């Protein structure tokens, strides 16, 4: 009995230790990345880097990814700092022709600490500069609208923060000749800053209908860059 308790405790401590060491979940796509390394690169790969909004997209519409040679590299709950930490493994090492970056939702939701717009924007710029250094074309996208986060109800000014960050991303994209895909404008309730009800199931994450809107906006941009 005591031995079983000891083994259970040891396994739990080991698991938490590994999680703490892999703060950015860099191992999430290790197997898939290894598999991709064995496949000839035709020069048309497109990686979507993001959080749960990107992560869930593959589950909702897997055919959108397979039919258009898109590679999903979203990790649920991640902030922009965590994305920077795994950018080499999940983007640069895959040698895509294009990377689509969607970041900021979980920064504003304070998933890894107090929100700082300057830090979030710096992380987005770092990913852009890394991609360009490796001759990877970049597409920047807006943060999706939301009037709050069900997992952190203490955030009461999400619409204002999202609008401000989107303005920063849009302006940076324009100043640096980077395509900018504005999901926000097509999915927001102007009066409240919320995500249109039919496009979301929890006020943050898209439904299938929401992803259809995003796909219609993103695909022409990606196709033109290839």
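Some values worked out for this structure:
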{"read-out": "Evaluation of residue 31 against (1) within 30 Å of residue 164 (Cα to Cα); (2) surrounded by fewer than 16 Cβ atoms within 10 Å (Cβ to Cβ); (3) modelled with pLDDT of 95 or more (one fails), failing number", "value": "(1)"}
{"read-out": "Considering residues of segment 182-195 that are without any contact (Cβ under 8 Å) to a residue 40 or more places away in the chain and in a loop (DSSP other than H, G, I, E, B) only, the residue surrounded by the most Cβ atoms within 10 Å (Cβ to Cβ)", "value": "190"}
{"read-out": "Residue 63 being at pLDDT below 95, surrounded by fewer than 17 Cβ atoms within 10 Å (Cβ to Cβ) and over 10 Å from the mean Cα position of the chain (by Cα)", "value": "no"}
{"read-out": "Within segment 87-98, considering residues that are over 15 Å from the mean Cα position of the chain (by Cα) and in a helix (DSSP H, G or I), the one surrounded by the most Cβ atoms within 10 Å (Cβ to Cβ)", "value": "94"}
{"read-out": "Meets criteria (surrounded by 15 or more Cβ atoms within 10 Å (Cβ to Cβ) and more than 18 Å from the chain's Cα centre (by Cα)) for residue 175", "value": "no"}
{"read-out": "Unique match (being farther than 24 Å from residue 23 by Cα, buried (at least 16 other Cβ atoms within 10 Å of the Cβ) and modelled with pLDDT of 95 or more) among 58, 46, 84", "value": "46"}
{"read-out": "Residue list for segment 130-141, filter: surrounded by fewer than 20 Cβ atoms within 10 Å (Cβ to Cβ), part of a loop (DSSP other than H, G, I, E, B) and in contact (Cβ under 8 Å) with a residue 12 or more places away in the chain", "value": "134"}
{"read-out": "Which listed residue, of 144, 165, is touching a residue at least 60 places away in the same chain (Cβ under 8 Å) and part of a loop (DSSP other than H, G, I, E, B)", "value": "144"}
{"read-out": "Matching option when the condition is within 20 Å of residue 200 (Cα to Cα) and free of Cβ contacts under 8 Å to residues at least 12 places away in the same chain, among 114, 40, 62", "value": "62"}
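To keep it simple, each residue is scored yes or no on (1) assigned to a loop (DSSP other than H, G, I, E, B); (2) farther than 22 Å from residue 218 by Cα; (3) in contact with a helix residue (DSSP H, G or I) (Cβ under 9 Å, 6 or more places away or on another chain).
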residue: 65; (1), (2), (3): no, no, yes
residue: 73; (1), (2), (3): no, no, yes
residue: 78; (1), (2), (3): yes, no, yes
residue: 81; (1), (2), (3): no, yes, yes
residue: 85; (1), (2), (3): no, yes, no
residue: 100; (1), (2), (3): no, no, yes
residue: 103; (1), (2), (3): yes, no, yes
residue: 121; (1), (2), (3): no, no, yes
residue: 128; (1), (2), (3): no, no, yes
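The values are calculated or read from the model by the stated rules, or taken from the named source; none is laboratory data. Every value quoted in this text rests on a predicted model; they were computed, and no experiment measured them. Don't worry about glycine lacking a Cβ; one is built from the backbone with ideal geometry, like all the others, and counts go over all protein chains shown.
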